[in-house]
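Single-structure report; data block below.
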Amino acid sequence: MLRVLFFEDEKSQQLSPLALTRPVFELVCGRFSLRERVVRTHRPTVWGGLVRDHLRDAYAEEFSDTFVNDFIWLQEAPTVVINGRWIPGPSGLNKVADEQVGIVDGTVAWFVLHPDEAHVLSAESWHDEFGRIVQSRRQVEAGGGMIEYPWDLVNRNADQLRFDFRQYSRPTGFDRPNSALMGSQSEVSIPDSAIIDPFVVLDARHGPISIDPGAHIQAFTRIEGPCHIGGESRLFRAHISGGSTIGPVCRVGGEIEESILHGFVNKYHNGFIGHSYVCPWVNLGAMTSNSDLKSDYSTVSVPLTGEMIDTGARKVGSFIGDHSKTAIDSMFNTGSSIGVMAMVLPSGQLLPKHIPSFSRILRGQLADGWGIDRSIETARTAMSRRDRKLTPAMEQMLRSLHSETATERLAAIEFRRTRARAS
């Protein structure tokens, strides 16, 4: 019997704004999140998670048959404990053994927790106790990699898509009337229930292409591999470059380059999104675009919770949190961070790189948002359009986030005002 526990370590905050509304092990790289990949590959009998307090109730509601922040459950039997930031290599959990700890670049990837060790765990102390427990284990290389920042997910996405295709896809080939495949039939996996209109081009010369059941690819769309299109998503005259993941129930038009659209993203119209990660329930208005390359080709810095972090990379786009909305012609700067439930009304110029959660851009100025009640109602309406409900637990999570992010939001607004007065 395999029992698995996913946990969030102290670096989870570095994955803001993407992880503000979900545990880090639910972030997507390739076709799946870490949790989905481990469950699919190793089929644990039961699994649980240790998540940040504000996520607990909503996550427990979403996965009602699992164990969230449940320390009594951990006392019942040995459990494989997995760092939520770990991207497993080809061996996955095959190296896991008692009295060992899997390490990636000095960080714990996994270890086995015994029932007698679980007795000392509590909500206040489990981080420290995990650190103490692994000190008694013999270190071995876990393989794979560790996600540090949001752009790591994007940078790893192409290779992970190739790996996931080999592990989880059954090549079907491609033979649809009046559409074209460039590359090998063995690099394409498309179920019969996916609708592929005439005049679609699939370019699998540089990587595989997988499409899930119920997806609809409209005419004049071009998809380059490696790429994955999630179930029930619709592509409208889109150009999808290699290294891109389009999650389930997305509406996508225009150009996408090496980006991850987590799921339930609406980007129906033209516009460019490159080297970016877009969270669920984001609506990108017509011609919304981001820069992903600076004019001087220097490395890009990204503001995470207001602090500028040098990515060391030359191509970095935008990282957009859940439920944020952009109006027509919004233009994001290179390396932008947009929080949860931001409302962006453009003014014909590049937007600020740091747009905190629950804030708005109005006439070119950063300001506090529309108010949490109005934002909640907007989210409820948007979700109902895709036959989903904003539950009380989700609403409470968003209200908690509104309070927790107030300091960052007000500091950013004051900084912009001070700079405007100085100029």
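Data for the structure
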| item | result |
| --- | --- |
| Total residues in the range 228-277, condition in contact with a helix residue (DSSP H, G or I) (Cβ under 9 Å, 6 or more places away or on another chain), part of a strand (DSSP E or B) and under 19 Å from residue 169 (Cβ atoms) | 4 |
| The range 113-124, residues that are exposed (fewer than 12 other Cβ atoms within 10 Å of the Cβ) and either small (Gly, Ala, Ser) or in a helix (DSSP H, G or I) (or both) | 116, 122, 123 |
| Only one of 323, 354 that is within 25 Å of residue 287 (Cα to Cα), surrounded by 21 or more Cβ atoms within 10 Å (Cβ to Cβ) and in contact with a Pro (Cβ under 7 Å, 6 or more places away or on another chain) | 354 |
| Hits in the range 170-188 - residues which are small (Gly, Ala, Ser), at pLDDT 95 or above and under 15 Å from residue 207 (Cα atoms) | 183, 184, 186 |
| Residue list for the range 358-403, restricted to those being hydrophobic (A, V, I, L, M, F, W, C) and touching a residue at least 60 places away in the same chain (Cβ under 8 Å) | 379, 382, 383, 393, 394, 397, 398, 401 |
| Residue, nearest to residue 242 (Cα to Cα), within the range 168-183, restricted to residues that are of a type in the set (A, V, I, L, M) and surrounded by fewer than 18 Cβ atoms within 10 Å (Cβ to Cβ) | 182 |
| Neighbours by Cβ (under 8 Å, 6+ apart or cross-chain): first from the range 49-78, in the same structural domain as residue 9 (by TED's automatic domain parsing) and small (Gly, Ala, Ser); second surrounded by fewer than 17 Cβ atoms within 10 Å (Cβ to Cβ) and not in a loop (DSSP other than H, G, I, E, B) | 58/393; 58/396; 60/393; 77/115 |
| Positions within the range 271-281 being free of Cβ contacts under 8 Å to residues at least 60 places away in the same chain and farther than 23 Å from residue 398 by Cα, in sequence order | 271, 272, 273, 274 |
| Criterion: surrounded by fewer than 15 Cβ atoms within 10 Å (Cβ to Cβ), at pLDDT 95 or above and either under 22 Å from the mean Cα position of the chain (by Cα) or not basic (Lys, Arg) (or both) - qualifying residue of 199, 165, 130 | 199 |
| Unique match (being within 26 Å of residue 165 (Cα to Cα) and either touching a residue at least 12 places away in the same chain (Cβ under 8 Å) or surrounded by 15 or more Cβ atoms within 10 Å (Cβ to Cβ) (or both)) among 96, 140 | 96 |
| Any hit, the range 257-264, residues being in contact with a Phe, Trp or Tyr (Cβ under 6 Å, 6 or more places away or on another chain) and under 16 Å from residue 162 (Cα atoms) | yes |
| Sole residue being under 22 Å from the mean Cα position of the chain (by Cα) and either of a type outside the set (A, V, I, L, M) or closer than 25 Å to residue 225 by Cα (or both), chosen from 154, 104 | 154 |
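Here is a yes/no grid of residues against (1) free of Cβ contacts under 8 Å to residues at least 24 places away in the same chain; (2) within 28 Å of residue 347 (Cα to Cα); (3) among the hydroxyl-bearing types (Ser, Thr, Tyr):
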site	(1), (2), (3)
219	yes, no, no
227	no, no, no
231	yes, no, no
239	yes, yes, no
250	yes, yes, no
253	yes, yes, no
269	yes, yes, no
302	no, yes, no
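The values are calculated or read from the model by the stated rules, or taken from the named source; none is laboratory data. All values derive from a computational prediction rather than experimental measurement. Here the Cβ is made from the backbone with ideal geometry for all residues, glycine too, and neighbour counts use every protein chain on show.
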